Amino acid sequence: MIDLWFLPLPPSPVTGIQSNRVRLRPFEKTDVATLVAQGSDRTVAHWMISFPVPWPRWMARQRVRDSRREMAAGRGFHFAITDADLPDMPMVGACSAILIGDASRPPELAYWVAPGWQRRGYARSALRLLLSHMFDVDPALIAVEAAVIDGNAPSASLLKGLHFVVQGQEYASAPISWDEPPGTQVRLQRYRLWREDWFRAGQAHISEQDRVDTKAVRGL
Ligand SMILES: CC(C)(COP(=O)(O)OP(=O)(O)OC[C@H]1O[C@@H](n2cnc3c(N)ncnc32)[C@H](O)[C@@H]1OP(=O)(O)O)[C@@H](O)C(=O)NCCC(=O)NCCS
């Protein structure tokens, strides 16, 4: 059987988005070990519904491959968050926006910053870049959502600071890492950011000089 991992990854239509030191870039095969380490961190996995602890290596490989496929097909955005000012541009976390495939449902964000890199503004900068990019490339995009498990105050505060508002509550299966009996539910707060609130709040667009090779997506 052919191991698909050894085939080249689909080319990404966006090779980078950067503002100041924070640069978002597509996942590469070389990110697998970092994905395993960061995804397996209990303090990260605790707030992510589908993260086992530890992550098996095949799962990280699958995430890299699937994320590149989705990017190439225009079904979502998946980026490593890196610091361009540090040697070797370390991956400090990740952020995604998944297009649900139902025009009536806004894309949904998922993100993390590894514990050693938290509270340095990486998540706020990364989400600002991602949101700016999404609203810029799709004038028909009217809203973006994120679902936060009850008790995740850092994430709730991060979203409120980006002008998300609570849209409602819902229930989902407890995160895999909680090891709860099957069927255990957790409550989520669903947050929504409206396009007009984003622009009214004067959130900076990514300036042209910071836009790193996103021409294919923008059709320029
Ligand atoms: C939530 C998370 C992504 C924040 O990342 P971060 O890079 O540390 O966040 P930033 O430094 O950019 O902080 C931006 C804002 O988020 C909020 N925030 C971040 N960490 C916080 C904390 N420990 N307590 C309270 N608020 C916090 C604050 O509003 C902060 O703004 P401020 O610094 O002006 O107070 C990070 O804590 C994380 O990865 N947590 C585990 C995974 C997770 O919860 N993912 C989201 C699932 S919905």
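What follows draws every value from the coordinates through simple rules; no lab data is involved. Values in this document were obtained by computation on a predicted structure and should not be read as measured data. Every residue, glycine among them, receives a Cβ derived from its backbone with ideal geometry; neighbour counts consider all protein chains shown.
Per-structure values
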item	result
Radius, Kirkwood style, for the chain when every pair of distinct Cα atoms is counted (Å)	18.0 Å
Among A114, A174, A73: highest mean-square fluctuation, GNM of the chain, C-alpha pairs under 10 Å	A73
Top positive-direction residue, dipole computed over the chain with Cβ charges, set V144, Y191, G202	G202
Residue-averaged 222 nm ellipticity for the chain, from DSSP H runs of 4+ at -39500 (n - 2.57), nearest 500	-8500 deg cm²/dmol
Between the range 73-121 and the range 17-53, the alpha-carbon center distance in angstrom	8 Å
Whole-number percent relative contact order across the chain, with pairs defined as alpha carbons under 8 Å at least 6 apart	23 percent
In sequence order, calculated HN-Hα J values of the range 18-23 (Karplus, 6.51, -1.76, 1.60; Hz; x Gly/Pro)	9, 9, 6, 7, 8, 10
